[in-house]
Amino acid sequence: MTESPALPALWPAPLAPGAVDATVTVPGSKSVTNRGLVLAALSSEPGWLRRPLRSRDTLLMAEALRTMGVGIEETASSSSAGSAGADALPGGGEAWRIIPAGLHGPATVDVGNAGTVMRFLPPVAALADGPIRFDGDPRSYERPLGGVIDALRALGARIDDDNRGALPMTVHGGGALEGGAVEIDASSSSQFVSALLLSAPRFNQGVEVRHVGAALPSMPHIRMTVDMLRSVGAQVDTPESGGEPNVWRVTPGALLGRDLVVEPDLSNAQPFLAAALVTGGRVTVPDWPEHTTQPGDALREIFTAMGGSCELTEHGLTFTGSGKIHGVDVDLGEVGELTPGIAAVAALADSPSTLRGVAHLRLHETDRLAALTKELNELGGDVTETADGLHIRPRPLHGGIFHTYEDHRLATAAAIIGLAVEGVEVENVATTGKTLPDFPAMWTAMLDPAAVPARRA
């Protein structure tokens, strides 16, 4: 595998030479890949993940599970025809075989700055035999984790965090976890609920998770967790299936190994669809699913409201810009991860926008609301923070440095601005590798397909 060239500390965001017209193959979903890895590791038999996302966050998840004893073999499906149906994936692509084993310590897990790793794996560690230490990037120490820690303790786990309610910490696995009923305030992250549900089939009593507190953000991610649990044989009762509001119940039982083809990451498709909107062009994303729990699917509706149109066929989604960008007033509470890209497009619109329902973004990879406000305003924008979001009044923008705060979605938002504003320099564009490897090359290829050889993710 050829190494990507080193990226400059300040990456000159390319100015669009005209209307884009491109097909962009987006790598697999981080959310699906990391949930699939956890469920496969807890299953009673081996399973496959096909076309997984290979990025910093997913490689951290895979390596963490390996440190606890799980076997994960990486192979290209086109060269593994003799391995349990590994040749069944149309068009080839990478495949990971996950072989469950007895979870054990001692081990140290590096979570990086990945919310899924720092939240999904402590319940797994509680099922291990021995101590599992969790550590990560400095920013990971500031991200909310207390809800998961308190809930695990209530369910019978022993955790040493020096009363911080945050990383670093050690989970002293006892080989099993009693489970049962627990209350949790997951208003700062829906991942708190998903974390408990994913491992719950292995708890002696399963789990009953009752959310108490303000409204839950990012509900599509909880629905994704539930759907993936059911797909491997778990019994899950939810509010949508007639259960109590804000209560999820998982029955104890064995999980089945399965063969999962990972959908494209629709949230990572956002900057490319935005490029069609900003330039009045057209971008096609192959393999866009007809039905999905991914939050990124909301882009079809939101970007259409902002001035584009889309067509979904068996080949994928084609999004076309009209040459005009309109402001929107939209509640992004369920799809908060889309906020940076929407804010970037809104800064180029012909009318103001209000983005609501995303106060929890202050606790993400960085304080995304403060960062977007500062960086857009330093390019000449007029953005103000509200109690739960942003108000954006479009103004003529100018070039300058756009800081990313080690946040991949800030970097792609800056690239969107750079399509229409000359002289935007993106600080640390390499941070996009967290979920979208080779983003700069993909971006360049979209703008000038003849300049970069086509690559399949």
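A short reminder: the numbers here are calculations on the coordinates, not readings from a lab. None of these values were measured; they are calculated from a predicted model. We place every Cβ from the backbone using ideal geometry, glycine too, and count neighbours over all the protein chains shown.
Can you find, among 345, 28, 122, the residue sitting farthest towards the positive end of the charge dipole of the chain, where Lys and Arg contribute +1 and Asp and Glu -1 at Cβ?
122
Tabulate in residue order the Karplus-calculated ³J(HN,Hα) for the range 443-449, using 6.51 cos²θ - 1.76 cosθ + 1.60 with θ = phi - 60°, rounded to whole Hz; enter x for Gly and Pro.
In residue order, the calculated couplings are 5, 5, 5, 4, 6, 8, x Hz.
Once the Cβ-Cβ distance between residue 108 and residue 259 is put in as r, and R0 is 41 Å, what FRET efficiency do you end up with, to the nearest 0.05?
Once rounded, the FRET efficiency stands at 0.85.
Fewest first, what order do 141, 405 take by the number of other Cβ atoms within 10 Å?
141, 405
Across the range 113-237, what fraction of all alpha-carbon pairs, as a whole percent, falls in each successive 5 Å bin from zero upward?
Using 5 Å bins, I get a P(r) of 2, 12, 22, 25, 22, 13, 4, 0 for the range 113-237.
By how many degrees, 0 to 90 and rounded to 10, does the Cα axis of helix 368-378 deviate from the longest principal axis of the chain?
20 degrees
On a 0 to 90 degree scale, rounded to 10, what angle separates helix 30-41 from the longest Cα axis of the chain?
The two axes meet at around 10 degrees.
Quick check: the angle from helix 408-420's long axis to the longest principal axis of the chain, C-alpha only, nearest 10 degrees?
Taking the Cα atoms of the chain, the angle to 408-420 is about 10 degrees.
Excluding residues fewer than 8 places away in the same chain, name every one of the lysines whose C-alpha is closer than 26 Å to that of residue 324.
Output for residue 324: 374.
If you count the DSSP beta bridges with both ends in the chain, what percent of them are antiparallel, to the nearest 5?
70 percent
Rg/Rh for the range 96-166: what does it come to with C-alpha atoms and Rh from Kirkwood?
0.96
Between residue 66 and residue 215, with labels modelled 7 Å along Cα→Cβ, what's the label distance in nm to one decimal, could you check?
4.2 nm
Let me have the 222 nm mean residue ellipticity of the chain computed from DSSP H runs of 4+ only, each contributing -39500 (n - 2.57), with the sum over all residues rounded to the nearest 500.
-8000 deg cm²/dmol
Just to be sure I understand the model, the point goes 7 Å from the Cα along the line to the Cβ. What's the resulting residue 374 to residue 311 distance in nm?
With each label placed 7 Å out from Cα toward Cβ, I get 4.5 nm.
Over all distinct Cα pairs, what is the inverse of the mean 1/r for the range 30-261, reported as the Kirkwood hydrodynamic radius in Å?
For the range 30-261, inverting the mean 1/r across all distinct Cα pairs yields 17.6 Å.
Rounded to the nearest 0.05, what FRET efficiency do residue 21 and residue 387 have when you use their Cβ-Cβ distance and R0 = 45 Å?
0.65
Let me have the relative contact order for the chain, percent, based on Cα pairs under 8 Å that are six or more residues apart.
18 percent
Could you list which residues have their amide H under 5 Å from that of residue 307, counting only those 5 or more apart in sequence or on another chain, with H placed in the peptide plane?
326
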